[in-house]
Amino acid sequence: MAIIIDETKRVLVQGITGREGRARTRLMVGYGTNVVAGCTPGKGGQNVLEVPVFDAVSEAMDHARAHSGGEIDISVVLVPARYVKGAAIEAIEAGVKMLVLVPDRVPVWDAMEIAAAAGSNGARFVGPNTLGVISPGRAVVGMIGGKAESARAWFKPGPVGVISRSGGMSSSTAYYLGRKATGHQASGNSEGIGTSTICHVGGDSVLGLRIPDVALLFEEDEQTEAIVLFGEIGGTQEEDLAELMRAGQVTKPVVAYIGGKAAREGTRFSHAGAIIEGNTGTHAGKVSALRDAGATVVESFGDLPDATASVLGKGT
């Protein structure tokens, strides 16, 4: 299994005719994602990489029902930031239940309105400011991997779910896990540690699926045996995950690295959502909360593969 995306999910690309839309659609189609339609107002009737384009999400939904065996499952929004709110709410109101909001610099109030619309319609979203989600060997939504060939080379299927607050470190975490030699080196066993799904939750302060939400999805996933987290200072996502662990709602092993150890109050670490305010969101507080809940927290990013191998019982 996998979470959020697999080869069976029917995907819509909003903004498919733009430069980013075309580039990311090429990645998704090339990797095997089931992209059934695109949408750009005023561009209906065109085709991008043999994907039919419609003026409205409702038209794309009708097409999917008639020709793809069901409704659109996921919309990937690849429009300029100022248009994200309109595109996302249009998709939500048309019945799409999962969205991936790739653009950065989406206004906070817009993200809050998207969240309200999603909540009222039983929908969820990843982002804004996300590279997306990939289930190795199955499908990708967004831009993780850059090109299909790279994504195939870097990410391999396996038992670890990766959650990251950093786009670049989402890829790096899975890359280095995949190159971790397991078993006894003398035996030549170097199959590495593969991943079930890699999810970049996004770097903004207002998000759809947060770290604890994704962890709960991994908890229910049969393929996922352990969760690897790349966290950051700021906000309470990591502490909220620790609460779920203490409550017994997340029982699978968690291995974590928290970036931003040297940051002080008022420092923003890379992303809008990674800022320390007063005594909240500190590196020490996150590490303490996770360790107290039973997580393995490493001091160096480079220690993640060994720690993960250890909790999986695949140490060298």
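Some observations on this one:
- Filtered residues of the stretch 45-72 (kept if under 20 Å from Ile89 (Cβ atoms), free of Cβ contacts under 8 Å to residues at least 40 places away in the same chain and either of a type in the set (Asp, Glu) or touching a helix residue (DSSP H, G or I) at 6+ places or on another chain (Cβ under 6 Å) (or both)): Phe54, Asp55, Glu59, Asp62
- Scanning the stretch 127-161 for residues that are aliphatic (A, V, I, L, M), surrounded by 17 or more Cβ atoms within 10 Å (Cβ to Cβ) and not in a loop (DSSP other than H, G, I, E, B) gives Val133, Ile134, Ala139, Val140, Val141, Ala148, Ala151, Val160.
- The listed residues are Gly122, Gly161, Gly167, and the only one of them that is without any contact (Cβ under 8 Å) to a residue 60 or more places away in the chain and assigned by TED's automatic domain parsing to the domain that holds Val311 turns out to be Gly167.
- Boolean, Gly42 is outside the structural domain of Ile198 (by TED's automatic domain parsing), modelled with pLDDT of 95 or more and at positive phi: yes
The values are calculated or read from the model by the stated rules, or taken from the named source; none is laboratory data. Here the structure is a predicted model, which is why all the values come from computation and not from measurement. All Cβ positions, even for glycine, are placed from backbone atoms using ideal geometry, and neighbour counts span all protein chains on display.
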